[in-house]
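Every number here is computed from the coordinates shown, using simple stated rules; none is lab data. Everything numeric in this text was worked out from a predicted model, so none of it was measured. Glycine also receives a Cβ, built like all others from the backbone with ideal geometry; neighbour counts cover every protein chain displayed.
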Amino acid sequence: MFLFMSTIAPAAYDSKIEGNVIFSRLDSCINWMRKNSLWPMPMGLACCAIEMMAAACARFDIARFGAEVMRFSPRQSDVMIVAGTVTYKMALAVKRIYDQMPEPKWVIAMGACASSGGMYRSYAVLQGIDHLLPVDVYISGCPPRPEALLEGLMKLQHKIDHERAITDQKKELLEVLS
Amino acid sequence: MSLAEAVSKLQEKFQVIQKIDFRGESTLELPSTQIEAACRFAKEELGFDFLVDISGVDNFGDEPRFEIVYELYTLKSNFHLRLKTRASEDHLEVPSVVHLWATANWHEREVYDMMGIRFSNHPDLRRILMWEGYPYYPLRKDFPLEGKPSDMPEVAFSQPAPLEGGPFVTIASPGHIEDREPRARHVADD
């Protein structure tokens, strides 16, 4: 028995294990893992949050895209879904929560208010969360339907899939450290 | 008791500046020195046990400039009564009625936050919607809709909103429908 195992040199083209080995780039593997398990930080600030809840429930089922683990702790989240009107009073709190999320992190601006202030051309409302945070995906609608949120999530997955996970982040790390 | 009885009792006891009857609603205007006593009388003697709302009105250009409106209701006899008082910009303070109706607490804080009217003897007169330290009173008529820049480091900041020629408002008019269409309106032009 012992002798038998030592005679087999583990290699991809061994006919016994060939079907279970895939060659790929490390970037692709990391991206594949990241995009299929995006844990959202639900930043529900207005009516968009209701649609976000609907997207998480059985009918629309955001779990089909691996983003069902809504974390109410920023330290365990990957993507912040800013769902609703960001008032100036709330804006810096949103920023503080974003700052507490570990890298890599993404932001979805859900709905007209989070994207641009929406119908609130007002003294009290921040005219788009992109004044404070780097937004990856904007979703139109007032509020957007759950399908729109799911499509936004798929767009984000597409974006993550085409990131160069290692080199880009190493570059950012170097910029931060310098 | 009916609304007319309640109004006449208030008129006997207090110095009513103005009495307005409109579609079955009565509004009494009282001097600010008497408003607290009138509220106490309305609650304890006339049975107005429910304070529906307190609101502030900015009659920009008039003197005295501000109005404070108390909307009262009696759950025993089921009718409304509106009390009003005025406050000038020089002495922008009216007595609080929190000790009569606990709900007045947040209503008065809102009036203070939006209009800058102070309520004496209020137990906790802080801003309620804007952040503590915001330098303006945004519902005053001379405050622009798009807002003004402000900054409190680590707390909050604000910037004017882009209005693109607006605000677009409907101006009530008995004329043709064209006259009532939403259009840009600037306070400075009026």
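Net charge near residue A:55, counting Lys/Arg +1 and Asp/Glu -1 over other residues with Cβ under 11 Å of its Cβ?
Once all neighbours under 11 Å are counted, the net charge is -2.
With both labels modelled 7 Å from their Cα along Cα-to-Cβ, the residue B:75 to residue B:89 distance reads 4.2 nm. With respect to chain B, whose longest principal axis is taken over its alpha-carbon atoms, helix B:35-44 is tilted by about 50°. Panel order for B:85, B:74, B:103, by other beta carbons found within 10 Å of each beta carbon, from fewest to most: B:103, B:74, B:85.
When the trypsin sites (Lys or Arg not before Pro) in segment B:4-46 are filtered for DSSP coil states and for at most 15 other beta-carbon atoms within 10 Å of their beta-carbon, the remaining sites are B:23.
The mean sequence separation of alpha-carbon pairs under 8 Å and at least six residues apart, normalised by the residue count of segment B:1-128, gives a relative contact order of 21 percent. With N as its number of residues, the protein assembly as shown has a Cα radius of gyration that, divided by 2.2 N^0.38 Å, comes to 1.46. A cut-off of 5 Å between modelled amide H atoms, ignoring neighbours fewer than 5 places along the same chain, links residue B:79 with B:74. For chain B, report the % of Cα-Cα distances exceeding 26 Å. Distances greater than 26 Å cover 44 percent of the Cα pairs. Just to confirm the number: angle between the C-alpha axis of helix B:3-13 and the first principal axis of chain B, 0 to 90 degrees, nearest 10? It works out to around 80 degrees. Of all aspartates and glutamates in the structure, those lying under 13 Å Cα to Cα from residue B:43, and not within fewer than 8 positions of it along the same chain, are B:71.
D by Stokes-Einstein for segment B:110-183, Kirkwood Rh over Cα pairs, 25 °C, 0.890 mPa s: 163 µm²/s.
Of all lysines in the structure, those lying under 24 Å Cα to Cα from residue B:148, and not within fewer than 8 positions of it along the same chain, are A:89, A:95.
Less than 5 angstrom separates the built amide H of residue A:126 from those of A:86, A:87, A:88, all sequence-distant by 5 or more or on a different chain.
Helix A:165-177 and the longest principal axis of the Cα set of chain A meet at an angle near 60°. Amide H contacts of residue B:50: B:73, B:75, each under 5 Å away and 5 or more positions distant or on a separate chain (H built 1.01 Å from N in the peptide plane; Pro and chain starts excluded). If you take all other residues with their beta carbon under 15 Å from the beta carbon of residue B:151, and give Lys and Arg +1 and Asp and Glu -1, the sum is +1.
Which of B:85, B:107, B:74 sits farthest toward the positive end of the charge dipole of segment B:1-128, with +1 on the Cβ of Lys and Arg and -1 on the Cβ of Asp and Glu? Projecting each Cα onto the dipole axis, the largest value belongs to B:74. Note that chain A, at 25 °C in a medium of 0.890 mPa s, gets a Stokes-Einstein diffusion coefficient of 135 µm²/s from its Kirkwood radius over C-alpha pairs.
Rank these for me by crowding, B:150, B:2, B:158, going from fewest to most other beta carbons within 10 Å.
B:2, B:150, B:158
For segment B:122-128, the Karplus equation 6.51 cos²θ - 1.76 cosθ + 1.60, evaluated at θ = phi - 60°, returns couplings of 6, x, 7, 7, 10, 5, 10 Hz by residue, with Gly and Pro reported as x. Extension gain, residue B:132 to residue B:120, is 2.5 nm, computed as 0.36 nm per intervening residue step minus the present C-alpha separation. Across segment A:130-143, rounded Karplus estimates of 3J(HN,Hα) from the backbone phi angles (6.51 cos²θ - 1.76 cosθ + 1.60, θ = phi - 60°) give 6, 5, 10, 10, x, 8, 8, 9, 9, 10, 7, x, 8, x Hz, Gly and Pro being marked x.
Taking the Cα atoms of segment B:1-110, the ratio Rg/Rh between the radius of gyration and the Kirkwood radius comes to 0.94. Other residues with beta-carbon under 13 Å from the beta-carbon of residue A:140 carry, at +1 per Lys or Arg and -1 per Asp or Glu, a net charge of -1. Take residue A:99, project a point 7 Å from its Cα along the Cβ direction, then tell me which residues of segment A:107-137 have their backbone nitrogen under 15 Å from it. Those under the cut-off are A:132-134.
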